[in-house]
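Q: The structure is given below, and queries will be raised subsequently.
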Amino acid sequence: MDERIINALRAATRVVVFTGAGVSAESGIPTFRDKQTGLWEQFDASELATPDAFERDPPLVWGWYEWRRGLVLGAQPNAGHRAIAAMADHVPYFTLITQNVDDLHERAGSSDVLHLHGELSRPYCEACRRHYVYPEGIPDVLPGGTRLQPPRCTACGARIRPGVVWFGERVPELPWVAAREAAKHCEVFLCCGTSALVQPAASLADIAIAAGATTVQVNPNPTDLDTSVTVAIRGPSGIVLPQLVSEAWGYP
Ligand code: OAD
């Protein structure tokens, strides 16, 4: 492992880890843009991930997100998620920012995760914005393509919508402000498993680079960040991140 990263990690008081779909790939959750397996390779984002799509065909969109929620419920965090959770124990000010809508970071032991694109498990009412509480019990895993009527809000009767951020919507203000501040002030910024194409989230890496942080990318494939980060590590996060933690602090 590159000594610059290990030394920077050991010395740092402020570290940011910024994750994308790639960190959950080894848990069996499909990414969006990987060739063949990516969700946007098989599905049309404009039919599923926009406010217009939900207006046009609520059961199609609700069913698609329930299918994905089922996939996540049946998945387990992987060694990459666990290494990120372990890292937090060694760094005084540690911030985990994710674009992922699954809860695998939390289930691996991370807390205070900044979810820039919402959470699959937290749908809310379109009208009064109260969070929807799913009925008790383990839901059926839906076959892909199942159409399902969205439930109604128990408080006001309006339609419940998926708890994710769609194309054309703003990222939620509170996690976004916290994420930007953390990127601006960190000494080490690790960008893991993201194509870094979707704005504004992708600009966090640029903020950290401009602020002079040691920036590291972990990705088995090339991205546009390859040439601007301090070190680009080519490999899957489930292998690379445990190695990083182990070399920096020793792994339990
Ligand atoms: P993408 O699908 O765009 O990128 C996933 C990245 O993970 C790619 O660069 C892969 O090379 C990499 N990857 C694949 N397997 C990996 C592994 N085992 N370890 C590490 N990296 C791996 O996903 P995101 O960058 O997360 O937004 O996409 C950003 C946003 O676009 C998503 O949050 C979603 C999507 O549309 C919304 O839905 C609003």
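Q: Given GLN149, GLN217, GLN243, which one is open to solvent by 50 Å² or more (accessible area, probe 1.4 Å) and either under 19 Å from PHE94 (Cβ atoms) or without any contact (Cβ under 8 Å) to a residue 12 or more places away in the chain (or both)?
A: It is GLN243.
Q: Please indicate, with yes or no, whether at least one residue in the stretch 25-47 is in contact (Cβ under 8 Å) with a residue 12 or more places away in the chain, of a type in the set (A, V, I, L, M, F, W, C), buried (at least 22 other Cβ atoms within 10 Å of the Cβ) and part of a helix (DSSP H, G or I).
A: no
Q: For the stretch 57-115, give me every one of the helices (runs of 4 or more DSSP H) that falls completely inside it and has 1 or more residues that are in contact (Cβ under 8 Å) with a residue 24 or more places away in the chain, closer than 23 Å to VAL245 by Cα and open to solvent by less than 10 Å² (accessible area, probe 1.4 Å). Give the steps one after another, and end with the answer.
A: Values: elements: 58-73, 79-87, 104-107.
Counting at least 1 such residues, we get 79-87, 104-107.
Q: Sticking with this structure for a sec: Tell me, yes or no, whether the stretch 2-20 has at least one residue that is part of a loop (DSSP other than H, G, I, E, B), open to solvent by less than 50 Å² (accessible area, probe 1.4 Å), out of contact with any Asp or Glu (no Cβ under 8 Å at 6 or more places or on another chain) and within 12 Å of the ligand (Cβ to nearest atom).
A: Within the stretch 2-20 (the criterion being part of a loop (DSSP other than H, G, I, E, B), open to solvent by less than 50 Å² (accessible area, probe 1.4 Å), out of contact with any Asp or Glu (no Cβ under 8 Å at 6 or more places or on another chain) and within 12 Å of the ligand (Cβ to nearest atom)), the answer is yes, since at least one residue qualifies.
Q: Those residues that are open to solvent by 30 Å² or more (accessible area, probe 1.4 Å), within 11 Å of the ligand (Cβ to nearest atom) and not aliphatic (A, V, I, L, M), I need them from the stretch 176-199; list them, please.
A: Matches in the stretch 176-199: SER195, GLN199.
The values are calculated or read from the model by the stated rules, or taken from the named source; none is laboratory data. This is a predicted model, so every value here is computed, not measured. Reconstructed Cβ throughout: ideal geometry from the backbone, glycine too, with neighbour counts over all protein chains shown. SASA here: full protein model, heavy atoms, side chains in, ligands and nucleic acids out. Shrake-Rupley method; radii C 1.70, N 1.55, O 1.52, S 1.80 Å.
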